[in-house]
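Worksheet for the structure shown next.
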Amino acid sequence: MHRLSKAAALLILAGFAGSSQPPLIPDDQAVIRVDTRLVVLHCAVVDKKGGLITNLPQSAFKVYENKVEQPIRLFRREDVPVSLGIVIDNSGSMRDKRARVEAAAVKLVKASNPQDEVFVVNFNDEAYLDVPFTSDITKLEEGVARIDSRGGTALRDAVSMSIDYLKQEGKKDKKVLLVITDGNDTASAGMTLEKLVEKIHRSEVLVYGIGILGKEDARDRKRAMRAIDAMTRASGGASYYPGEVAEVEQIAEQVAHDIRNQYVIAYSPLNQNLDGTFRSIRVVAANGRYSVRTRSGYYATPEPAKRASR
(Lines give C-alpha, C1' and ligand atoms only; values in the text may rest on other atoms or scores of the structure.)
Protein backbone atom coordinates (compact mmCIF):
# COMPACT_ATOMS: atom_id res chain seq x y z
CA MET A 1 0.00 0.00 0.00
CA HIS A 2 1.23 3.47 -0.79
CA ARG A 3 2.19 5.70 2.12
CA LEU A 4 0.37 8.99 1.70
CA SER A 5 2.56 11.95 0.84
CA LYS A 6 2.19 14.94 3.15
CA ALA A 7 0.53 16.90 0.36
CA ALA A 8 -2.04 14.18 -0.23
CA ALA A 9 -2.70 13.73 3.47
CA LEU A 10 -3.20 17.47 3.94
CA LEU A 11 -5.64 17.50 1.04
CA ILE A 12 -7.71 14.80 2.71
CA LEU A 13 -7.61 16.48 6.10
CA ALA A 14 -8.62 19.79 4.52
CA GLY A 15 -11.70 18.05 3.19
CA PHE A 16 -12.57 17.02 6.72
CA ALA A 17 -12.26 20.58 7.98
CA GLY A 18 -15.68 21.60 6.64
CA SER A 19 -17.48 18.55 8.00
CA SER A 20 -19.02 17.97 11.41
CA GLN A 21 -16.49 15.26 12.27
CA PRO A 22 -12.98 16.35 13.32
CA PRO A 23 -10.02 14.62 11.64
CA LEU A 24 -8.44 13.66 14.98
CA ILE A 25 -10.15 11.12 17.21
CA PRO A 26 -9.97 12.52 20.77
CA ASP A 27 -9.17 9.32 22.64
CA ASP A 28 -6.10 7.83 24.26
CA GLN A 29 -4.88 6.50 20.92
CA ALA A 30 -5.08 9.84 19.07
CA VAL A 31 -5.34 8.05 15.72
CA ILE A 32 -5.92 9.77 12.38
CA ARG A 33 -8.08 7.50 10.24
CA VAL A 34 -8.28 7.94 6.48
CA ASP A 35 -11.03 5.81 4.98
CA THR A 36 -9.88 6.07 1.36
CA ARG A 37 -6.24 5.45 0.56
CA LEU A 38 -4.40 7.19 -2.24
CA VAL A 39 -1.64 6.00 -4.54
CA VAL A 40 0.74 8.85 -5.37
CA LEU A 41 2.73 8.82 -8.62
CA HIS A 42 5.61 10.97 -9.83
CA CYS A 43 5.35 11.08 -13.63
CA ALA A 44 7.77 12.28 -16.28
CA VAL A 45 6.20 12.84 -19.71
CA VAL A 46 8.43 12.77 -22.79
CA ASP A 47 7.96 13.14 -26.53
CA LYS A 48 9.41 10.84 -29.19
CA LYS A 49 12.75 12.67 -29.05
CA GLY A 50 12.98 12.31 -25.28
CA GLY A 51 12.12 15.93 -24.53
CA LEU A 52 10.14 16.64 -21.38
CA ILE A 53 6.53 17.79 -21.76
CA THR A 54 5.62 19.95 -18.78
CA ASN A 55 2.44 21.85 -19.71
CA LEU A 56 -0.30 19.21 -19.83
CA PRO A 57 -3.57 19.65 -17.87
CA GLN A 58 -5.08 16.97 -15.66
CA SER A 59 -7.62 16.16 -18.38
CA ALA A 60 -4.78 14.86 -20.59
CA PHE A 61 -4.03 11.98 -18.19
CA LYS A 62 -5.60 8.60 -17.57
CA VAL A 63 -4.42 6.21 -14.86
CA TYR A 64 -4.94 2.44 -14.96
CA GLU A 65 -4.48 -0.07 -12.16
CA ASN A 66 -4.56 -3.69 -13.30
CA LYS A 67 -5.90 -2.36 -16.64
CA VAL A 68 -8.89 -0.64 -14.96
CA GLU A 69 -9.13 3.17 -15.22
CA GLN A 70 -8.90 4.92 -11.85
CA PRO A 71 -10.26 8.28 -10.62
CA ILE A 72 -7.58 10.98 -10.28
CA ARG A 73 -7.93 12.80 -6.94
CA LEU A 74 -4.87 15.06 -6.94
CA PHE A 75 -2.84 16.63 -9.75
CA ARG A 76 -0.08 19.19 -9.76
CA ARG A 77 3.09 20.24 -11.58
CA GLU A 78 5.65 21.28 -9.05
CA ASP A 79 9.40 21.34 -8.37
CA VAL A 80 9.32 19.65 -4.97
CA PRO A 81 12.47 19.13 -2.88
CA VAL A 82 13.69 15.54 -2.67
CA SER A 83 15.77 13.25 -0.52
CA LEU A 84 18.46 12.17 -2.98
CA GLY A 85 21.03 9.40 -2.77
CA ILE A 86 24.03 9.19 -5.13
CA VAL A 87 25.29 5.60 -5.31
CA ILE A 88 28.72 5.38 -6.95
CA ASP A 89 30.57 2.28 -8.14
CA ASN A 90 34.03 2.36 -6.58
CA SER A 91 35.35 -0.93 -7.95
CA GLY A 92 38.82 -1.20 -9.45
CA SER A 93 37.57 -0.78 -13.01
CA MET A 94 36.23 2.68 -12.14
CA ARG A 95 39.66 4.11 -11.33
CA ASP A 96 40.12 5.98 -14.63
CA LYS A 97 36.50 7.21 -14.58
CA ARG A 98 36.30 8.56 -11.03
CA ALA A 99 37.22 12.17 -11.82
CA ARG A 100 34.38 12.49 -14.36
CA VAL A 101 31.94 10.70 -12.08
CA GLU A 102 32.84 12.91 -9.13
CA ALA A 103 32.29 16.02 -11.26
CA ALA A 104 28.95 14.62 -12.46
CA ALA A 105 27.77 13.98 -8.90
CA VAL A 106 28.56 17.55 -7.88
CA LYS A 107 26.95 18.94 -11.04
CA LEU A 108 23.78 16.94 -10.30
CA VAL A 109 23.52 18.49 -6.85
CA LYS A 110 24.19 22.02 -8.09
CA ALA A 111 21.45 21.63 -10.73
CA SER A 112 18.94 20.27 -8.21
CA ASN A 113 16.44 22.03 -5.96
CA PRO A 114 18.34 24.03 -3.30
CA GLN A 115 16.12 22.47 -0.63
CA ASP A 116 17.16 18.92 -1.54
CA GLU A 117 19.04 16.79 0.98
CA VAL A 118 21.71 14.48 -0.45
CA PHE A 119 23.78 11.51 0.72
CA VAL A 120 26.58 9.57 -0.99
CA VAL A 121 27.19 5.81 -0.95
CA ASN A 122 30.37 4.42 -2.49
CA PHE A 123 30.54 0.70 -3.14
CA ASN A 124 32.93 -2.01 -4.30
CA ASP A 125 32.80 -5.43 -2.57
CA GLU A 126 30.82 -3.66 0.15
CA ALA A 127 28.76 -0.47 0.38
CA TYR A 128 29.81 2.51 2.49
CA LEU A 129 27.78 5.54 3.56
CA ASP A 130 30.50 8.15 3.03
CA VAL A 131 28.34 11.27 3.29
CA PRO A 132 25.14 11.23 5.39
CA PHE A 133 22.30 13.55 4.39
CA THR A 134 23.54 17.10 3.82
CA SER A 135 22.97 20.18 1.67
CA ASP A 136 26.63 21.22 1.96
CA ILE A 137 28.32 21.03 -1.46
CA THR A 138 31.80 21.00 0.10
CA LYS A 139 30.99 17.91 2.17
CA LEU A 140 29.64 16.17 -0.93
CA GLU A 141 32.75 16.99 -2.94
CA GLU A 142 34.94 15.59 -0.18
CA GLY A 143 32.80 12.47 0.09
CA VAL A 144 32.95 11.51 -3.58
CA ALA A 145 36.66 12.34 -3.92
CA ARG A 146 38.31 10.64 -0.97
CA ILE A 147 37.86 6.97 -1.90
CA ASP A 148 40.41 4.89 -3.80
CA SER A 149 38.84 2.63 -6.45
CA ARG A 150 39.42 -1.07 -5.85
CA GLY A 151 37.65 -4.43 -5.48
CA GLY A 152 34.50 -5.89 -7.03
CA THR A 153 30.97 -4.62 -7.70
CA ALA A 154 28.25 -5.22 -5.08
CA LEU A 155 25.65 -3.18 -6.96
CA ARG A 156 22.47 -4.79 -5.64
CA ASP A 157 23.64 -4.69 -2.03
CA ALA A 158 24.53 -1.00 -2.38
CA VAL A 159 21.14 -0.08 -3.84
CA SER A 160 19.33 -2.10 -1.18
CA MET A 161 21.27 -0.38 1.62
CA SER A 162 20.63 3.02 0.05
CA ILE A 163 16.88 2.39 -0.12
CA ASP A 164 16.88 1.47 3.56
CA TYR A 165 18.74 4.65 4.46
CA LEU A 166 16.42 6.77 2.31
CA LYS A 167 13.31 5.35 3.95
CA GLN A 168 14.67 5.61 7.48
CA GLU A 169 16.39 9.00 7.35
CA GLY A 170 14.99 10.90 4.34
CA LYS A 171 12.85 13.87 5.39
CA LYS A 172 11.30 14.64 1.99
CA ASP A 173 8.25 12.88 0.58
CA LYS A 174 9.88 12.36 -2.81
CA LYS A 175 12.87 10.03 -2.65
CA VAL A 176 15.37 9.45 -5.47
CA LEU A 177 18.50 7.38 -6.13
CA LEU A 178 21.06 7.95 -8.88
CA VAL A 179 23.21 4.86 -9.44
CA ILE A 180 26.46 5.17 -11.41
CA THR A 181 28.28 1.95 -12.35
CA ASP A 182 30.55 0.57 -15.06
CA GLY A 183 29.75 -3.11 -14.94
CA ASN A 184 27.85 -6.20 -13.91
CA ASP A 185 27.30 -7.08 -10.25
CA THR A 186 30.06 -9.45 -9.11
CA ALA A 187 29.95 -9.27 -5.32
CA SER A 188 26.43 -8.90 -3.85
CA ALA A 189 25.92 -11.43 -1.07
CA GLY A 190 22.24 -12.35 -0.95
CA MET A 191 20.23 -9.68 -2.74
CA THR A 192 18.99 -11.05 -6.07
CA LEU A 193 17.72 -8.77 -8.82
CA GLU A 194 14.20 -10.10 -8.34
CA LYS A 195 14.26 -9.33 -4.61
CA LEU A 196 15.67 -5.87 -5.30
CA VAL A 197 12.94 -5.04 -7.82
CA GLU A 198 10.30 -6.10 -5.29
CA LYS A 199 11.99 -3.91 -2.68
CA ILE A 200 11.92 -0.96 -5.08
CA HIS A 201 8.19 -1.49 -5.69
CA ARG A 202 7.55 -1.52 -1.95
CA SER A 203 9.77 1.49 -1.24
CA GLU A 204 8.36 3.95 -3.82
CA VAL A 205 11.91 5.24 -4.41
CA LEU A 206 12.60 6.68 -7.88
CA VAL A 207 15.78 5.12 -9.34
CA TYR A 208 17.94 6.55 -12.14
CA GLY A 209 20.89 4.61 -13.54
CA ILE A 210 23.99 5.57 -15.52
CA GLY A 211 25.82 2.58 -16.98
CA ILE A 212 29.33 3.32 -18.28
CA LEU A 213 29.62 -0.02 -20.05
CA GLY A 214 31.87 0.69 -23.03
CA LYS A 215 34.62 -1.77 -22.05
CA GLU A 216 32.36 -4.65 -20.96
CA ASP A 217 32.14 -7.76 -23.13
CA ALA A 218 28.77 -8.39 -24.77
CA ARG A 219 27.49 -10.86 -22.16
CA ASP A 220 28.46 -8.77 -19.13
CA ARG A 221 27.13 -5.63 -20.78
CA LYS A 222 23.77 -7.32 -21.37
CA ARG A 223 23.58 -8.47 -17.74
CA ALA A 224 24.48 -5.03 -16.43
CA MET A 225 21.88 -3.34 -18.64
CA ARG A 226 19.24 -5.84 -17.56
CA ALA A 227 19.87 -5.00 -13.90
CA ILE A 228 19.90 -1.23 -14.39
CA ASP A 229 16.81 -1.28 -16.61
CA ALA A 230 14.90 -3.50 -14.17
CA MET A 231 15.52 -1.04 -11.33
CA THR A 232 14.64 2.08 -13.28
CA ARG A 233 11.55 0.67 -15.00
CA ALA A 234 10.09 -0.61 -11.74
CA SER A 235 10.51 2.79 -10.11
CA GLY A 236 9.67 5.17 -12.96
CA GLY A 237 13.21 6.48 -13.38
CA ALA A 238 15.40 6.27 -16.46
CA SER A 239 18.54 4.47 -17.69
CA TYR A 240 21.42 6.13 -19.53
CA TYR A 241 24.30 4.42 -21.35
CA PRO A 242 26.88 7.00 -22.45
CA GLY A 243 29.30 6.05 -25.19
CA GLU A 244 32.06 7.99 -23.43
CA VAL A 245 32.64 8.76 -19.77
CA ALA A 246 32.85 12.45 -20.71
CA GLU A 247 29.06 12.40 -21.29
CA VAL A 248 28.28 11.57 -17.65
CA GLU A 249 28.28 15.20 -16.48
CA GLN A 250 25.70 16.21 -19.09
CA ILE A 251 23.55 13.20 -18.17
CA ALA A 252 23.69 14.18 -14.50
CA GLU A 253 22.29 17.60 -15.37
CA GLN A 254 19.60 15.90 -17.44
CA VAL A 255 18.62 13.74 -14.46
CA ALA A 256 18.33 16.83 -12.26
CA HIS A 257 16.12 18.49 -14.87
CA ASP A 258 13.96 15.35 -15.11
CA ILE A 259 13.48 15.16 -11.34
CA ARG A 260 12.45 18.82 -11.14
CA ASN A 261 9.91 18.68 -14.00
CA GLN A 262 7.50 15.91 -13.10
CA TYR A 263 3.76 15.70 -12.52
CA VAL A 264 2.36 14.49 -9.21
CA ILE A 265 -0.78 12.40 -9.70
CA ALA A 266 -2.71 10.72 -6.89
CA TYR A 267 -5.59 8.35 -7.44
CA SER A 268 -7.97 6.48 -5.17
CA PRO A 269 -7.94 2.78 -6.17
CA LEU A 270 -11.34 1.35 -6.99
CA ASN A 271 -10.08 -1.85 -5.40
CA GLN A 272 -9.47 -0.82 -1.77
CA ASN A 273 -8.72 -4.36 -0.58
CA LEU A 274 -5.38 -4.66 1.21
CA ASP A 275 -4.76 -8.25 0.14
CA GLY A 276 -1.00 -8.01 -0.38
CA THR A 277 -1.19 -8.52 -4.13
CA PHE A 278 0.85 -6.63 -6.70
CA ARG A 279 -1.14 -4.00 -8.63
CA SER A 280 0.24 -2.90 -12.00
CA ILE A 281 0.09 0.80 -12.92
CA ARG A 282 0.00 2.46 -16.33
CA VAL A 283 -0.41 6.17 -17.02
CA VAL A 284 -1.45 7.46 -20.46
CA ALA A 285 -0.92 11.08 -21.53
CA ALA A 286 -2.63 12.86 -24.43
CA ASN A 287 -4.20 9.63 -25.74
CA GLY A 288 -0.79 8.00 -26.06
CA ARG A 289 0.84 10.84 -27.95
CA TYR A 290 3.56 11.02 -25.29
CA SER A 291 5.33 8.42 -23.17
CA VAL A 292 4.93 8.49 -19.40
CA ARG A 293 7.53 7.21 -16.97
CA THR A 294 6.22 6.29 -13.54
CA ARG A 295 6.49 3.32 -11.23
CA SER A 296 5.12 0.13 -12.72
CA GLY A 297 3.11 -0.94 -9.70
CA TYR A 298 2.83 -1.41 -5.94
CA TYR A 299 1.90 -3.99 -3.33
CA ALA A 300 -1.49 -3.48 -1.66
CA THR A 301 -0.38 -4.10 1.89
CA PRO A 302 -1.73 -2.52 5.09
CA GLU A 303 0.21 0.11 6.98
CA PRO A 304 -0.01 1.22 10.60
CA ALA A 305 -2.46 4.02 11.42
CA LYS A 306 -0.84 7.44 11.62
CA ARG A 307 -0.55 8.78 15.15
CA ALA A 308 -0.87 12.46 15.88
CA SER A 309 2.13 14.11 17.50
CA ARG A 310 1.57 15.23 21.09
* Asked: Can you name the condition, by its number, that G214 falls short on among (1) in contact with a Gly (Cβ under 7 Å, 6 or more places away or on another chain); (2) in a helix (DSSP H, G or I); (3) small (G, A, S)?
  -> (2)
* Asked: G183 fails exactly one of the following numbered conditions: (1) part of a helix (DSSP H, G or I); (2) touching a Leu at 6+ places or on another chain (Cβ under 8 Å). What is the number of that condition?
  -> (1)
* Asked: How do the pairs read when you match residues in the stretch 278-291 that are of a type in the set (S, T, Y) with residues anywhere that are outside any strand (DSSP E or B), using Cβ under 6 Å and keeping only pairs 6 or more apart or on different chains?
  -> S280/N66; Y290/D47; Y290/I53
* To do: Run down A158, A154 and say which single residue is among the aliphatic types (A, V, I, L, M), at pLDDT 95 or above and surrounded by 20 or more Cβ atoms within 10 Å (Cβ to Cβ).
  => A158
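Starting from residues that are more than 30 Å from V39 (Cβ to Cβ) and among the charged types (D, E, K, R), keep the ones in the stretch 59-98 and report whichever is surrounded by the most Cβ atoms within 10 Å (Cβ to Cβ).
Here is the first cut: in the stretch 59-98, the residues more than 30 Å from V39 (Cβ to Cβ) are 88-98.
Next cut, among the charged types (D, E, K, R) only: 89, 95-98.
Working: D89: 26, R95: 12, D96: 11, K97: 20, R98: 19.
Ranking the candidates gives D89 first.
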* Criterion violated by D217 - all others in (1) modelled with pLDDT under 95; (2) farther than 25 Å from G92 by Cα; (3) surrounded by fewer than 17 Cβ atoms within 10 Å (Cβ to Cβ) satisfied -> (2)
* To do: Have a look at A300, A285, A234 and point out the one that is closer than 25 Å to P71 by Cβ, in contact with a helix residue (DSSP H, G or I) (Cβ under 7 Å, 6 or more places away or on another chain), assigned by TED's automatic domain parsing to the domain that holds I72 and not aromatic (F, W, Y).
  => A285
* Structure fact -> Picking from V101, V118, the residue that is surrounded by 23 or more Cβ atoms within 10 Å (Cβ to Cβ), at pLDDT 95 or above, in the same structural domain as E249 (by TED's automatic domain parsing) and aliphatic (A, V, I, L, M) would be V118
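Select from the stretch 231-244 the residues that are surrounded by fewer than 19 Cβ atoms within 10 Å (Cβ to Cβ) and more than 12 Å from the chain's Cα centre (by Cα) and list them in ascending order. Don't jump to the end; show me each part of the working.
Applying the first criterion (surrounded by fewer than 19 Cβ atoms within 10 Å (Cβ to Cβ)) to the stretch 231-244 yields 233, 239, 241-244.
Answer for the stretch 231-244, where residues must be surrounded by fewer than 19 Cβ atoms within 10 Å (Cβ to Cβ) and more than 12 Å from the chain's Cα centre (by Cα): S239, Y241, P242, G243, E244.
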* To do: Among what's in the stretch 245-262 and is among the acidic types (D, E) and over 14 Å from the mean Cα position of the chain (by Cα), pick the residue that is surrounded by the most Cβ atoms within 10 Å (Cβ to Cβ).
  => E249
* Give me the pairs: first residue in the stretch 243-269 and under 19 Å from V87 (Cβ atoms), second residue surrounded by fewer than 21 Cβ atoms within 10 Å (Cβ to Cβ) and acidic (D, E), beta-carbon distance under 9 Å, and six or more apart or on different chains, which are they? -> V245/D96; I259/D79
* Between residues in the stretch 124-141 that are without any contact (Cβ under 8 Å) to a residue 60 or more places away in the chain and closer than 16 Å to G170 by Cα and residues that are assigned to a strand (DSSP E or B) and of a type in the set (D, E, K, R), which pairs lie under 8 Å by C-beta distance while being six or more apart or on different chains? -> F133/E117; T134/E117; S135/E117
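The values are calculated or read from the model by the stated rules, or taken from the named source; none is laboratory data. Just so it is clear, the model here is predicted, and its values are computed rather than measured. With ideal geometry, Cβ positions are generated from the backbone for all residues, glycine too; neighbour counts draw on all protein chains shown.
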